[in-house]
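Some notes on the structure that comes next.
The values are calculated or read from the model by the stated rules, or taken from the named source; none is laboratory data. Since we're looking at a predicted model, the values are computed, not measured. Neighbour counts run over all protein chains shown; Cβ positions are idealised from the backbone, glycine included.
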Amino acid sequence: MKEPIIEVEDLSYKYAKTSVLEQVSLKVPDGAFLALVGPNGSGKSTLLKLILGLLKVQKGTIQLFGEDIRQFKQWQRIGFVSQKANSFNSGFPATVFEVVQSGLTKKIGLFTFPKKEHKQKVLEVLDSVEMLEFKDRNIGELSGGQQQRVFIARALVSEPRLLILDEPTVGVDSKHVQQFYEMLEMLNKEMGITLILVTHDVGTVTEKVTHVACLNKRLHFHGDADEYRSLNDKEFSSIYGHGVQLLSHNH
């Protein structure tokens, strides 16, 4: 097994007196494509915020790339894509190229002009997410799915080793969701990027991912995708707290 990029041990977290996470232990190996699933209110967003350093660890430990998160400084190695397509201001006056290039601000400098190699990198990542032909289009003119591809390109332009996506298909047309997951699979397999995907689209995404973690305050399952698909309806129901069936969509 490859060395873990993320290692979480006995992580617990409370908002005031409300327990959100309880004794969560989780390892994400280098090169994995992990789906993080669970019902609403299960603690998925809190876990992401802790991993991204947006919340401070209360109990337990988190290691990123082998280093305790309290000492970790290399945040450029981690890219993050949120549910932006669902709430993005369609009137924002920027081209696709400009939005992606803004992901290089820390590397270039706030008041420094980008160099030729920076512009070339923007073109490369736009090509990798199949959005190169839209480089001069205003971001607000794109569909939700196209916007999310642009935001992924923005996260990729700084060359992260880990990409975290929080329900990225929210606001994406259903007929383009499968293509979207195929793109993520390509980023993982061909570019070697480790992915963590928070999703409710369990049936579809388990055909693409390598590992699954089921969270509902506690970690109820953590293993490879084949193991997850072999769970029966009763086991799924115990995770989600209500009756649930895993549907597989083969297109």
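At positive phi, exposed (fewer than 15 other Cβ atoms within 10 Å of the Cβ), charged (D, E, K, R) and assigned to a strand (DSSP E or B) - does that describe any residue in region 2-23?
Here is the first cut: in region 2-23, the ones at positive phi are 10, 16, 23.
This time we only want the ones that are exposed (fewer than 15 other Cβ atoms within 10 Å of the Cβ), so: 10, 16, 23.
This time we only want the ones that are charged (D, E, K, R), so: 10.
With assigned to a strand (DSSP E or B) added as a condition, the list becomes 10.
Yes, because at least one residue in region 2-23 is at positive phi, exposed (fewer than 15 other Cβ atoms within 10 Å of the Cβ), charged (D, E, K, R) and assigned to a strand (DSSP E or B).
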- Message: Can you tell me which of (1) surrounded by fewer than 18 Cβ atoms within 10 Å (Cβ to Cβ); (2) within 19 Å of H220 (Cα to Cα); (3) small (G, A, S) is the one S42 doesn't meet?
- Response: (1)
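Can you work out which of the residues in region 142-169 that are in a loop (DSSP other than H, G, I, E, B) and buried (at least 17 other Cβ atoms within 10 Å of the Cβ) is modelled with the lowest pLDDT?
Step one: filter region 142-169 for residues in a loop (DSSP other than H, G, I, E, B), giving 142-143, 157-161, 167-169.
Okay, now just the ones that are also buried (at least 17 other Cβ atoms within 10 Å of the Cβ), so 142, 157-158, 160, 167-169.
Working: L142: 87, V157: 89, S158: 86, P160: 90, E167: 85, P168: 82, T169: 78.
This residue is T169.
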- Looking only at region 102-122, decide whether some residue is farther than 19 Å from L215 by Cα, surrounded by 16 or more Cβ atoms within 10 Å (Cβ to Cβ), aliphatic (A, V, I, L, M) and at pLDDT below 95. yes
- Message: Here are the criteria: (1) out of contact with any Leu (no Cβ under 6 Å at 6 or more places or on another chain); (2) over 30 Å from K234 (Cβ atoms); (3) of a type in the set (A, V, I, L, M, F, W, C). Tell me which single one V177 does not satisfy.
- Response: (2)
- How many of the residues making up region 197-226 are touching a strand residue (DSSP E or B) at 6+ places or on another chain (Cβ under 8 Å) and either at pLDDT 85 or above or small (G, A, S) (or both)? 20
- Going through region 185-213 in order, the residues found to be closer than 22 Å to G79 by Cα, out of contact with any Leu (no Cβ under 6 Å at 6 or more places or on another chain) and outside any loop (DSSP other than H, G, I, E, B) are E185, M186, L187, K189, V205, V212
- Determine the pairs where a residue that is under 19 Å from A32 (Cβ atoms) and touching a residue at least 24 places away in the same chain (Cβ under 8 Å), located within region 44-69, has a partner that is assigned to a loop (DSSP other than H, G, I, E, B) and not hydrophobic (A, V, I, L, M, F, W, C) with Cβ atoms under 6 Å apart, the partner being 6 or more residues away or on another chain. K44/G38
